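The values are calculated or read from the model by the stated rules, or taken from the named source; none is laboratory data. Owing to the predicted nature of the structure, the values given are computational and were not obtained by experimental measurement. Cβ atoms come from the backbone with ideal geometry, glycine included; neighbour counts cover every protein chain shown. Each accessible area value is taken on the protein alone, full model and side chains, heavy atoms only, with ligands, DNA and RNA left out. Shrake-Rupley method; radii C 1.70, N 1.55, O 1.52, S 1.80 Å.
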Protein chains: 2
Amino acid sequence: MLKIRRVERIAALAKMLVDRPQELLPLSFFCEYFGIAKSTLSEDILSVRRSFALFRLGVVETVYGAAGGVRYIPYREGEAANRVLTEIAARLTADERIIPGGFLYMSDILYDWRLMNAVGEIFMTRFAALRPDCIMTVETKGILPAMMVARAFNKPLVIARRDSRVTEGSALSINYVSGSTKRIQTMSLTKRALAPGRRVLIIDDFMKAGGTAKGMRELVRESGSEAVGVGVLVATAEPERKLVEAYMPLLVLREVNEEARRVRVEPQLLAKEAEHE
Amino acid sequence: MLKIRRVERIAALAKMLVDRPQELLPLSFFCEYFGIAKSTLSEDILSVRRSFALFRLGVVETVYGAAGGVRYIPYREGEAANRVLTEIAARLTADERIIPGGFLYMSDILYDWRLMNAVGEIFMTRFAALRPDCIMTVETKGILPAMMVARAFNKPLVIARRDSRVTEGSALSINYVSGSTKRIQTMSLTKRALAPGRRVLIIDDFMKAGGTAKGMRELVRESGSEAVGVGVLVATAEPERKLVEAYMPLLVLREVNEEARRVRVEPQLLAKEAEHE
């Protein structure tokens, strides 16, 4: 085999850690892969950890003991989070986004993987203490942010459907009342997707009255699991009182004024600096 | 500022490149960011390039000249691609996946971001010559693989809907005949999503007769754009003749035998080794 320089090993180590967030990778795996001793690997890991801490690229943790290893946690907070939320707010505040009926066109932002990747990391950082077993959303537009939250937590994603499809097998269905339109809607979840006793984090793209989130909470409860939190990318300021009690928005939509062609969006910035070092 | 060691700079450089696939990042950006001269940066980039080539983690390219820079291309081919496709095939070949009606439960695989990330890179590698401007799919299950293809190409994702939603503004709708059920279905695309004259790569999770892919091709043509390719994660072997002429499956479903509880899936492996170095 070619002679591998230390810098080359470290570039590969950095990429491999970043590619598998939250996964505890055994030290022995890297020792074998690079053909190095544990002491050398420890020094390499220390360099990657220092680098990521210095440039605020997330945290590299070492867990000691027989079941130990190294893992990368993509925390994103302080300036790195605020910059992304401010960017999304600025992009949302464009009058050409106003759709007749007072809606706001958001799909291009929801389908932008770079922004959603950052959003996933921000939700993971803010919800880390909840230790969810899986992430749930309902089709369609919530899927992208929810997928990226699932990525940042390295937990499975569960997607409720607006109808029950034959290709997913037997399903649990509930009816719920949409908070804003007051219409009765159906939401269903294939039984294969969610085992009982899980801690479920609910993620959606948008919340107005909170009817959809309430429906998801109910679906989780009916499945024998527990909804430990609700995160939404954008929540409207009005109505102030939502159908779910606790939820965390990353942005608050203060105003969509169709006549004055005015949109006001407020990013939910946190001043807190990283404590994960 | 703290003294930054070379290995620390290289770990950060590797992560920052990997985080922004296909994006041409100006050398001056990194020179300023790390506070180093261009010659030092060139050496650092060379180390990351060598590392990624050695460990088959993708390609780092330098583009020279005034508009030049450095970019990371997440090529995945040869063994790195075959391993993933073989893993997906093995997971699909489980009799408990058979759903009454001869369908196959695939959602857990489609919602697995690690597998879909790899699938996105494999499609990007196989479709690189097509140089698409954007990636298109139709809701719901195609969204995850399509998003990851969009990520690997660093191009926008466009999602057609099964119905037209008021929150997306004016939309173009077509009716199409589902190839397998022979029912008439509707598919729509908001006008904001796709400007005319684009090169569109269509990605979907599953193809049986090809009616949905044909519908998407039509929607693209009606939008004044061109469908340059169709990629599907899984295509059935039967019917052999699909409603679209050219398509590329990553896996072929040979048999779902409900009575014998047997599933046969064939990964489409390529022996070709990397030529991108």
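Worth pointing out:
- Within 10 Å of the Cβ of each residue in A:180-193, the mean number of Cβ atoms contributed by other protein chains is 1.
- Residue-level accessible surface for B:S178, protein heavy atoms, 1.4 Å, Å²: 10
- Descending semi-axes in whole angstrom, ellipsoid equivalent of the protein assembly as shown, from the Cα gyration tensor: 36, 29, 25
- Across identical copies of the chain, B:R162 has label-point separations of 0.9 nm, listed in ascending order, with the point defined 7 angstrom from Cα along Cα→Cβ.
- Accessible area of segment A:45-176 belonging to carbon and sulfur atoms, whole % at 1.4 Å probe: 51
- Cα-centred dipole magnitude for segment A:2-80, charges only on beta-carbon of K, R (+1) and D, E (-1), debye, nearest 20: 240
- Positive minus negative residues near B:R241 (Lys, Arg vs Asp, Glu; Cβ under 14 Å): 0
- Accessible surface of B:C31 - all protein chains present, 1.4 Å probe, nearest 10 Å²: 20
- Axis of helix B:38-54 versus longest Cα principal axis of chain B: the two differ by about 40°, to the nearest ten degrees.
- Relative to the longest principal axis of the Cα atoms of chain B, the long axis of helix B:113-127 lies at roughly 90 degrees.
- Spin-label proximity, B:M248 to segment B:122-138 - amide N less than 15 Å from point 7 Å beyond Cα toward beta carbon: B:122-136
- Rounded to the nearest 0.05, the FRET efficiency derived from the C-beta distance between B:R221 and A:S28 at R0 = 45 Å is 0.25.
- Segment B:196-257, accessible surface, carbon-and-sulfur percent (1.4 angstrom probe): 42
- Lys, Arg +1 and Asp, Glu -1 on Cβ, resulting dipole of chain B about Cα centre, debye, nearest 20: 460
- 1.4 Å probe, heavy atoms, protein only - residues of segment A:92-123 losing at least 20 Å² accessible area vs chain alone: A:E96, A:I99, A:F103, A:Y105, A:Y111, A:W113, A:R114
- For segment A:1-89, applying the loop criterion from DSSP together with a ceiling of 15 other beta carbons within 10 Å to the chymotrypsin sites (Phe, Trp or Tyr not before Pro) yields A:Y64.
- Prolate/oblate/rounded label for segment A:41-146 (Cα gyration tensor, a/c 1.5): prolate
- Folded to 0 to 90 degrees: helix B:6-19 orientation relative to chain B principal axis, Cα: 30
- Helical runs assigned H by DSSP (4 residues or longer) give chain B a calculated mean residue ellipticity at 222 nm of -11000 deg cm²/dmol, each run adding -39500 (n - 2.57) before division by the residue total.
- Cα centroid of segment A:96-151 to Cα centroid of segment A:15-49, whole Å: 31
- Accessible area buried, both sides summed, chains A and B with 1.4 Å probe, Å²: 5500
- For the residue pairs A:K38/B:K38; A:K208/B:K191; B:K15/B:K141; B:K155/B:K191, the alpha carbons lie more than 23 Å apart in A:K38/B:K38; A:K208/B:K191; B:K15/B:K141.
- Zero-based 10 Å bins, Cα pair distances in segment B:90-192, whole percents: 14, 33, 36, 16, 1
- Simple point charges give the picture: +1 on the Cβ of Lys and Arg, -1 on the Cβ of Asp and Glu, and for segment B:146-198 a dipole about the Cα centre of about 60 debye.
- Shielding of B:11-23 by partner chains, average beta-carbon count, 10 Å: 6
- Loop-located GluC sites (Glu not before Pro) in segment A:187-252 whose Cβ has at most 10 other Cβ within 10 Å (DSSP): A:E240, A:E245
- Over segment A:1-99, the pair-distance histogram of Cα-Cα distances with 10 Å bins from zero comes to 14, 39, 22, 13, 8, 4, 0 percent, rounded to whole numbers.
- The figure for A:M106 is an accessible area of roughly 10 square angstrom, using a 1.4 Å probe on the protein chains alone.
- Taken residue by residue and averaged, Cβ atoms of other chains lying within 10 Å of the Cβ of A:44-57 number 5.
- Viscosity 0.692 mPa s, 37 °C: Kirkwood-radius Stokes-Einstein D of segment A:146-188 over Cα pairs, µm²/s: 267
- Its relative contact order, with pairs defined as Cα atoms under 8 Å and 6+ residues apart, puts chain A at 16 percent.
- Across segment B:118-277, the volume of the C-alpha convex hull divided among the residues equals 128 Å³ per residue.
- Reciprocal mean inverse distance between Cα atoms of segment A:98-140 - Kirkwood radius, Å: 12.6
- Accessible surface, chain B, averaged per residue in Å² (probe 1.4 Å): 44
- Trypsin sites (Lys or Arg not before Pro) within segment B:137-222: DSSP coil, no more than 14 neighbouring Cβ in 10 Å: B:K182, B:R183, B:K191
- Net charge of Cβ neighbours under 10 Å - reference A:L57; Lys, Arg +1; Asp, Glu -1: +2
- Bins of 10 Å, starting at 0 and running to the largest distance - Cα pair percent for chain B: 6, 26, 29, 21, 12, 5, 1
- Projecting the Cα atoms of A:L41, A:T93, A:Y75 onto the dipole axis of segment A:31-94, where Lys and Arg carry +1 and Asp and Glu carry -1 at the beta carbon, places A:T93 farthest toward the positive end.
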